Amino acid sequence: SIFALFSSYTTSQLLFKRTAVILFHVVSGLSLLLFGWFLLVFGQVDYILVVFFTCYAIFSFCIGMTLPVWLNYLVHIFSEEKSVPGIAYMQIAQNCARLISSLVIIRIVDAYSFSLTSSANMFMAVGILFIFGSLLFLLTKEVVQNDKANDKQTFIQHTFDSARHMLKNKNFLYFLAGDFEFSVLVTVISFYAAYATQYCGVEPAIAAGAF
């Protein structure tokens, strides 16, 4: 949550959000790529957990910074008429990619188990795809409605002004209340995976890929 607020503040001065979106994605991908390379070269060293949590912290930081500016970026590349079909196609593509990647993970784990080499290659492949995918954003074109960026404010001023604006927007509050179902959905999916492994005899590798 703190990362999202910081992202909103740091990018509020930018008319175009594409550079920030690409930067956050590239750094996220590099953290995965570097951890995979480290695992492949040095193997299971004593301080591997320190390296993993460091890379994971960088990845989490950048993902947290990405989400707010990403939503703003979508508004810039989709017109009002094309926003709904554009986001719909994007969701379809994401769901198809998740299904394909889940099947790939199941096959890899089934064939090589969780060996160091297969795990390292998996991290590096995901990192490379993350970076390559972000570079495709260079093909998009942003259309900005405002002709100037927001006035310079401190982080505290920006946060409180944003909070006041959101609390005054009843439509946003209604939407936020309805979006609570997403948290319930994530909890249910997690329960499905635990139930499948503990009570139904499903192997953890298959449950991880399927759910």
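Count, please, the residues in the stretch 26-41 that happen to be within 19 Å of the chain's Cα centre (by Cα) and open to solvent by less than 20 Å² (accessible area, probe 1.4 Å).
Total meeting the criteria: 5.
The C-beta contact set for the stretch 177-205 (first residue in contact (Cβ under 8 Å) with a residue 60 or more places away in the chain, second residue in a helix (DSSP H, G or I), distance under 7 angstrom, 6+ apart or interchain) comprises A205/I106; A205/V109; A205/D110.
Take L5 and decide whether it is touching a residue at least 60 places away in the same chain (Cβ under 8 Å), part of a helix (DSSP H, G or I), of a type in the set (A, V, I, L, M, F, W, C) and open to solvent by 50 Å² or more (accessible area, probe 1.4 Å). Criteria met by L5.
Among the numbered criteria (1) loosely packed, with under 14 Cβ neighbours inside 10 Å; (2) outside any helix (DSSP H, G or I), which single criterion is violated by Q153? Exception for Q153: condition (1). Only one residue in L74, L15 is open to solvent by less than 100 Å² (accessible area, probe 1.4 Å), aliphatic (A, V, I, L, M) and touching a residue at least 24 places away in the same chain (Cβ under 8 Å), so which one is that? Going through L74, L15 in turn, just one is open to solvent by less than 100 Å² (accessible area, probe 1.4 Å), aliphatic (A, V, I, L, M) and touching a residue at least 24 places away in the same chain (Cβ under 8 Å): L15. Cβ-Cβ contacts under 8 Å between residues 6 or more apart (or on different chains), taken from a first residue in the stretch 104-123 that is under 19 Å from V41 (Cα atoms) to a second residue that is part of a helix (DSSP H, G or I) and β-branched (V, I, T), are listed as S118/I108; S118/V109; M122/I105; M122/I108. List the number of the failed condition for V69; all other conditions in (1) among the β-branched types (V, I, T); (2) open to solvent by less than 80 Å² (accessible area, probe 1.4 Å); (3) over 18 Å from K141 (Cα atoms); (4) assigned to a helix (DSSP H, G or I) hold. Of the numbered conditions (1) among the β-branched types (V, I, T); (2) open to solvent by less than 80 Å² (accessible area, probe 1.4 Å); (3) over 18 Å from K141 (Cα atoms); (4) assigned to a helix (DSSP H, G or I), the odd one out for V69 is (3). Return yes when Q44 is more than 24 Å from F155 (Cβ to Cβ), more than 17 Å from the chain's Cα centre (by Cα) and open to solvent by 20 Å² or more (accessible area, probe 1.4 Å) and no when it is not. Yes; evaluated as a whole, the condition is true for this residue.
Exactly one residue out of I92, I100, I128 is modelled with pLDDT of 85 or more, open to solvent by 60 Å² or more (accessible area, probe 1.4 Å), in a helix (DSSP H, G or I) and in contact with a helix residue (DSSP H, G or I) (Cβ under 7 Å, 6 or more places away or on another chain), and it is I128. Inspection of the stretch 108-117 finds a residue satisfying the criterion of being assigned to a helix (DSSP H, G or I), within 30 Å of G36 (Cα to Cα), of a type outside the set (S, T, Y) and open to solvent by 100 Å² or more (accessible area, probe 1.4 Å).
The values are calculated or read from the model by the stated rules, or taken from the named source; none is laboratory data. Note that the coordinates shown come from a computational prediction; the quantities given were computed from them, not determined experimentally. Quick reminder, even Gly has a Cβ in these numbers, built from the backbone with ideal geometry, and neighbours come from all protein chains shown. Please note that ligands, DNA and RNA were not included when accessible areas were found on the heavy atoms of the full protein model with its side chains. Shrake-Rupley method; radii C 1.70, N 1.55, O 1.52, S 1.80 Å.
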